[in-house]
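Beneath this line is the structure, given in structure tokens, with notes to follow.
What follows draws every value from the coordinates through simple rules; no lab data is involved. No experiment lies behind these values; they were computed from the predicted model shown. Cβ coordinates were reconstructed from backbone atoms using ideal geometry, including for glycine residues, and neighbour counts include every protein chain displayed.
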Amino acid sequence: MAGGGSLGGGSRPKRGKNKKRKQAKRVGFHLDMTPLVDITFLLLTFFMFTTTLTQPSIMDMRLPPELDTPVDVKESELFSLLIAEDGQIYFYQAQEDAAVVPMSDLKAMAVNLNLEVKNRLITVLKSHPKAPYGTLVNVLDELNLAEQRIVKELVKENDPETGLPMQRSRKFTMAKWTEDDQKKIDEAGGGSTAGEGEES
Amino acid sequence: MAKVKVKRAGFVIDMTPLVDITFLLLTFFMFTAKFKSEAESEQTFIIERPTASADTAKLPEAQLAVIKVAFADTTQRDTSYYLEMLNANEWAEVKNNMLSKDQAFADRMDKAQMPLNSSEELATAIGEIRRVNPDTEFAIDADQDVDFAWVFEAMDLLRRNLFTEFSFVTDKRTGQSE
């Protein structure tokens, strides 16, 4: 009895002591996050490797439909661009001689010509069958960039007929490479030797 | 002394910030993930697209037919056409129509990205697409080093089938202002 009493008496303060200690220490509970992290990293790497972040963009192309009736065009309003076999770009207006134009000048040239002959300039692009396709896209890109500037300049003026700001109508076509084009380039002075000057 | 040894609490790293960041990244990648299509995964060639900066439009998702012009191998000599349509039903119909015209397509029927051996085959395919769905949007996805003649042939065939509006697939040019 006495022993039990002493035991009980002993246990009570002990319990109190325990309680006190618990309160003082207050161990925050730990969650083992390792498996969670494992799985999360696994998924993360999976998604990182399977995603294709760079989506391709597109360049719109609009070709005039094939017409049986030839359209009469003033020669002075014709701006021809030739891409030679080596990737060099040549240009000529009307029936003039062809001359090399570097890719960096193409945009400025297109802007100037289009503003000179407002809305009536027809750009004809021809590419040698052996020329790399990338060059053609670069040329088209320059022309598209020029378009933004042309529109910006054109709307500043008013259409003499309607009095409204001038609308841009773009005239562009692509044509098949002919012998005459090759002749023109040959006459321009054998640009094939300077083929390395082409920039990308 | 002995008591201290027994205690020896193993050290704990607080992984909470790590988990936070990881989950953040995980959700980001999960939502942006766009999986490769079946056709892309069976593609054996790589197309190095030309770069352009003026256009920012993305490829349309529906009704798209892609004509790929690529080098069949790494020697860059053997160019060929590949055709792919995103709408599986229409594509199956087109393929069946092509098969009924020419038995040469029989061994390629199961391919989502069908290799075409000649421009005549491409012409047949475009004609069939015209018949199945005239509203199909075409895109030409060509390697920047292929000869222009291949692309021109494809353009000409498209034009003859009255698909006068189509697009070139390009990659965004980086590092240029304006």
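Within the same chain, aspartates and glutamates fewer than 8 places from B:Lys34 are excluded, and of the rest, those with a Cα less than 13 Å from its Cα are B:Glu61.
By the count of neighbouring beta-carbon atoms within 10 Å, fewest first, A:Leu125, A:Leu136 end up ordered A:Leu125, A:Leu136. For the range B:63-178, the pair-distance distribution built from all alpha carbon pairs, in bins 10 Å wide starting at 0, is 13, 46, 31, 8, 2, 0 percent. Note that the range B:62-71 has calculated 3J(HN,Hα) couplings of 9, 6, 9, 10, 10, 9, 9, 10, 8, 7 Hz, one per residue in order, obtained from phi through the Karplus relation 6.51 cos²θ - 1.76 cosθ + 1.60 (θ = phi - 60°); glycine and proline are x.
Peptide A:124-137: average number of partner chain Cβ atoms within 10 Å per residue?
Working: counts 0, 0, 2, 5, 3, 7, 3, 3, 8, 15, 12, 4, 7, 10.
Going residue by residue through A:124-137 and averaging, the value is 6.
Between the amide H of B:Thr79 and those of B:Ala72, distances stay under 5 Å, these residues lying 5 or more places away or on another chain, with hydrogens modeled in the peptide plane.
For B:Met30 and A:Asp97, FRET efficiency with R0 = 45 Å and r from the beta-carbon atoms, rounded to 0.05?
Numbers: r = 60 Å, r/R0 = 1.34.
Plugging the Cβ-Cβ distance into 1/(1 + (r/R0)^6) gives 0.15.
Backbone N atoms of the range B:15-31 closer than 12 Å to the 7 Å Cα→Cβ label point of A:Phe46 belong to residues B:30.
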